[in-house]
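Each remark here refers to the structure printed beneath this line.
Bear in mind that the values in this text are calculations on the coordinates, not laboratory data. All figures in this text were calculated on a predicted structure; none of them were measured in a lab. Glycine gets a Cβ as well: all are built from the backbone with ideal geometry, and neighbour counts include every protein chain shown.
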């Protein structure tokens, strides 16, 4: 709680906060700095500055995600804001409805010649936004969420009162289902509570891009129940399907003979590589992918560091470009169905690391802290 309150204070004091682990600063790259972010429930203006661009040649676009759909701000009729000569801008984002409780604020810099399609109750942001943006950022606002710190990152814990994807499952944020132990390891537990099975998932505060995503697993990846799925994946809620999703997944539910898979969504056959991870000793283990503009390089290693499996995905027409994807780690059940023996399933993750590529991102992203209203 203290760290998030300090983050809010930093944001409101107009200090740019860059994630030292998530994004390598790019000198003189176009970027967006937000000097005032409206907390949840507030109607104050969104204010900021465009950096390393000629303000006269660009426009700022803002959208809110309210109850699952996107809305242009300040309005659909006027979706663009012209920066001042010094690069500063100010935009009204609360104009009616439930705007003050939007869980996501998105900001783009577009060339002045681009007229983006207005977003009115839109289920997704059109691809033209990503393809045309000079820079973009996203601000997540999540009231009442439980937060944990793991592997030097802040994560919020997913919860749901009705079945949701993946699965679909009920998701819980119970402290005995998701916790970091005395050794700094992430513990995940799926079990039956109050007559229903509950899955678990954590979501990173930071967004990431091109680079190496590495997961160190302390448990065996041979899950006790065939329908159980353990995984790490990237996800960008603002993107159209397939949401910039790249997966490391472990389960026999997809193929009874194989217990692991690498995936670049959409999950069509040529985008999936399944294999059997059966080295002895089989844990701990390390699994990773390196996301590049032209290839996604997947690797798995056994407890000695010896390579077990590798796969390079080079279908460039389907490799997602870097945007505002965060990282998620989860443990869930296919179809939300009960395990065969009725016993809980547990996974222990010893570490997650992200190493950015030593190349400029396509559209560099300035990260800002999560903003709380408490």
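Quick look at the numbers
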quantity: Global size of segment 87-209 as Cα Rg and Dmax, reported in angstrom; calculated: 18.7, 57
quantity: For the chain, calculated [θ]222 nm from helices alone, where every DSSP H run of n ≥ 4 adds -39500 (n - 2.57); calculated: -1500 deg cm²/dmol
quantity: Candidates 136, 245, 309: whichever shows maximal mean-square fluctuation once the chain is modelled as a Gaussian network with Cα springs under 10 Å; calculated: 309
quantity: D (Stokes-Einstein, µm²/s), Kirkwood Cα radius, segment 147-356, 1.002 mPa s at 20 °C; calculated: 125
quantity: Where N is the number of residues in segment 94-159, Cα Rg divided by 2.2 N^0.38 Å; calculated: 1.43
quantity: Estimated distance in nm for a label pair at residue 312 and residue 295, the labels positioned 7 Å out from Cα along Cα-to-Cβ; calculated: 0.2
quantity: Alpha-carbon centroids, segment 133-155 and segment 247-269: separation in whole Å; calculated: 27
quantity: Degrees between helix 2-12 axis and first principal axis of the chain (Cα, 0 to 90, nearest 10); calculated: 30
quantity: Descending Cα extents along the principal axes, segment 31-133, whole Å; calculated: 35, 27, 21
quantity: Distance (nanometres) between label positions extended 7 Å along Cα→Cβ at residue 47 and residue 131; calculated: 3.7
quantity: FRET efficiency, residue 257 to residue 161 (Cβ-Cβ, R0 45 Å, nearest 0.05); calculated: 0.75
quantity: Most mobile of 29, 135, 77 in a GNM of the chain (Cα contacts under 10 Å); calculated: 77
quantity: Cα-based shape type of segment 38-93, given that a ≥ b ≥ c are square roots of the gyration tensor eigenvalues and the cut on a/c is 1.5; calculated: prolate
quantity: Relative frequency of Cα-Cα separations exceeding 21 Å in segment 261-365, percent; calculated: 50
quantity: Along principal axes, Cα extents of the chain, largest first, whole Å; calculated: 64, 45, 35
quantity: Top of 329, 319, 268 by mean-square fluctuation, Gaussian network on the chain, Cα under 10 Å; calculated: 268
